[in-house]
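In what follows, a single structure is set out as structure tokens and then discussed.
The values are calculated or read from the model by the stated rules, or taken from the named source; none is laboratory data. Since the structure is predicted, the reported quantities are computational estimates derived from the model, not experimental observations. Glycine gets a Cβ as well: all are built from the backbone with ideal geometry, and neighbour counts include every protein chain shown. Only protein heavy atoms, including side chains, enter the accessible area calculation; ligands, DNA and RNA are left aside. Shrake-Rupley method; radii C 1.70, N 1.55, O 1.52, S 1.80 Å.
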Amino acid sequence: MEPVSLENCEQLVRQPTSDSLTGSSNVLVFPKVPEQIAHRKASLSSKVEHFTESVIREMTRQAMLYGAINLAQGFPDFSAPAEIKRAAQQAIAADINQYAITWGAKSLRQAIAHKFKEWQGISLDPEREITVCCGSTEAMISTLLAVCNAGDEVVIFEPFYENYGPDAILSGAKPQFVKLHPPETPGGSWTFDEAALRKAFCPQTKAIILNTPNNPTGKVFTREELELLRDLCLEFDVLAITDEIYEHIVYDGERHISLASLEGMRDRTVTINGLSKSYSVTGWRVGWTIAPPAISNAIRKVHDFLTVGAPAPLQEAGATALELPRHYYQQLAESYRERRDQIMSTLVEAGFHPFLPRGAYYVMTDITAFGFSDDIRFTEYLVKEIGVAAVPGSSFYHDPRDGARQVRFAFCKRDQTLAEAARRLERIRR
Ligand code: PLP
């Protein structure tokens with residue numbers, strides 16, 4: 001047996017015994033831990049008790065279990081652009097295999113600054129205002145951990161991308177939800193009530209999280225809506241954290257506007273983006289924040305101690321990706337527009353009442369017509385008996401009852417995948 005040092009170890013005591021097997025007269029005995037202490041030590045973080053595991057990721061596991069087509073999780077089942085895959089291969093061949101600078105490879109930060117200037121007209125200092133993270137997922141939690149204190153409130157539109165609720169809780173903040181209401185007419189927009197939004201702001205409000213183009217609704221916030229948010233941020237001295245990961249996936253002549261580009265918002269916005277959706281590389285885990293130097297500094301500290309850095313060779317490939325010409329993004333949006341139209345007609349034919357998305361690659365749909373007791377029973381039936389995985393609407397709301405009549409389908413899939421899903425959905429019982 002390895003010798004045990006008793007120095008600095010108050011829990012261990014030596015007791016004289018006569019152990020006839022070992023012949024030793026000294027064995028280590030652990031004193032009984034008092035019950036209250038044992039209970040406290042055995043319990044887990046109370047923060048974690050306030051949220052569940054990701055339902056979206058769980059639906060992917062279910063899709064694999066039942067051999068279902070996965071229209072649940074938002075990852076493409078087609079290839080990424082050849083030039084960026086080549087750039088990644090070349091970076092590894094060139095031995096870019098060690099840690100990059102913790103806040104991001106210089107080449108990628110320069111490419112981000114260049115693209116932001118070209119698309120949003122905003123000049124950035126890549127040395128002080130950009131932090132590369134492990135996906136926009138890490139960018140969001142690093143930002144919230146960097147800016148929030150206990151007692152702060154964070155305004156979140158719901159239905160929301162499911163990470164935002166847990167992110168706010170983990171950062172010690174209290175989420176305040178503001179409803180987006182489904183369109184009342186086919187093809188209409190999701191809307192929010194101006195008075196309800198104003199009511200969500202108070203002296204404790206630290207930040208608002210905005211996701212445009214929006215997952216799960218497909219809403220693209222208009223300039224007027226953004227101006228309203230801007231006015232409230234200025235009035236209540238609130239930081240805007242905008243997740244713009246679907247910026248290039250917009251339809252029907254909609255235009256994505258970065259909140260940071262509105263007058264007064266440059267210095268109170270953290271813009272989050274990443275490679276995952278624009279370049280179909282969700283597994284590469286490269287995202288970033290754009291924020292004024294003082295906020296970037298705080299984000300960098302959190303990011304460094306959370307992950308040290310994003311994958312170095314994939315950051316180099318990211319720089320190549322961001323230099324793709326404009327027509328790449330036009331083709332991306334057009335190919336998703338075709339898929340959107342395809343899934344819309346599939347869903348209508350199968351008896352759904354889907355809400356037409358104007359951006360991103362998801363459709364929220366009403367399921368009332370099928371007569372199921374709730375969205376969970378319905379998605380169970382879909383995955384097990386129809387062979388198509390979707391996400392229950394309740395996972396996008398803080399009160400599950402609000403999403404009990406909705407489910408979300410992702411359509412970032414090949415034509416043949418969507419065609420097979422359509423064939424299976426024809427068998428749905430009505
Ligand atoms: N933000 C939104 C709104 C998303 O829908 C997703 C993924 O589905 C992410 C962030 C995750 O992005 P990343 O892969 O960069 O972490």
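Rounded to the nearest 0.05, the FRET efficiency derived from the C-beta distance between residue 97 and residue 380 at R0 = 56 Å is 0.80. Sparse packing (at most 16 other Cβ atoms within 10 Å of the Cβ) combined with a DSSP loop state is found for the following chymotrypsin sites (Phe, Trp or Tyr not before Pro) in the range 58-165: 78, 99.
Directionally averaged projected area (the range 174-284, Cα convex hull): 8.0 nm². Computed about the Cα centre, the dipole magnitude for the range 82-321 is approximately 560 debye when only Lys and Arg (+1) and Asp and Glu (-1) carry charge, each at its Cβ. Computed from backbone phi, the HN-Hα couplings of the range 348-359 come to 4, 5, 7, x, 7, 10, x, 9, 4, x, 9, x Hz, rounded to whole numbers (Karplus: 6.51 cos²θ - 1.76 cosθ + 1.60, θ = phi - 60°; Gly and Pro given as x). Applying a DSSP loop filter and a limit of 16 other Cβ atoms within 10 Å to the GluC sites (Glu not before Pro) in the range 133-214 leaves 184. Residues whose amide H lies under 5 Å from that of residue 210, counting only those 5 or more places away or on a different chain, are 241, 242, 243; hydrogens are built 1.01 Å from N in the peptide plane. A convex hull fitted to the Cα coordinates of the range 287-430 yields 176 cubic angstrom per residue. Note on the chain: Cα Rg divided by 2.2 N^0.38 Å, N the number of residues, gives 1.13. Under 15 Å of direct C-alpha separation, and excluding same-chain neighbours fewer than eight residues apart, residue 106 reaches these aspartates and glutamates: 125, 127, 129, 316, 323. Packing here is the average count of other Cβ atoms within 10 Å per residue, and on that basis the peptides 256-268, 401-413, highest first, run 401-413, 256-268.
Accessible surface computed residue by residue for the range 82-321, with neighbouring protein chains in place and a 1.4 Å probe, gives 39 Å² per residue. A Förster radius of 35 Å, combined with the Cβ-Cβ distance separating residue 115 from residue 43, puts the computed FRET efficiency at roughly 0.15.
Taking the Cα centre of the chain as origin and assigning +1 to Lys and Arg Cβ atoms and -1 to Asp and Glu Cβ atoms, the resulting dipole is close to 600 debye.
Principal axis analysis of the Cα atoms in the range 82-321 yields extents of 56, 41, 30 Å, listed in decreasing size. For the range 38-93, just say rounded, prolate or oblate: build the C-alpha gyration tensor, square-root its eigenvalues into a ≥ b ≥ c, call rounded for a/c under 1.5, and beyond that prolate if a/b exceeds b/c, oblate if not. Here the range 38-93 falls in the oblate category. Between residue 373 and residue 235, the distance separating the two model label sites (each 7 Å from Cα on the Cα→Cβ line) works out to 4.4 nm. Surface composition of the chain: carbon plus sulfur atoms contribute 52% of the solvent-accessible area (1.4 Å probe, protein chains only, all chains present). Mean sequence separation of contacting Cα pairs (under 8 Å, at least six apart), scaled by the length of the chain, corresponds to a relative contact order of 22 percent. Cross-link pairs exceeding 28 Å in C-alpha to C-alpha distance, out of 174/219; 179/301; 115/199; 219/277; 179/206, comprise 179/301; 115/199. Placing 95, 366, 415 in order of accessible area, with the largest value first and a 1.4 Å probe, yields 95, 415, 366. Between residue 427 and residue 324, the modelled labels are 3.6 nm apart [label points 7 Å from Cα along Cα→Cβ]. Stretching residue 341 away from residue 305 to a fully extended chain increases their span by 8.6 nm, per 0.36 nm per residue minus the current alpha-carbon distance.
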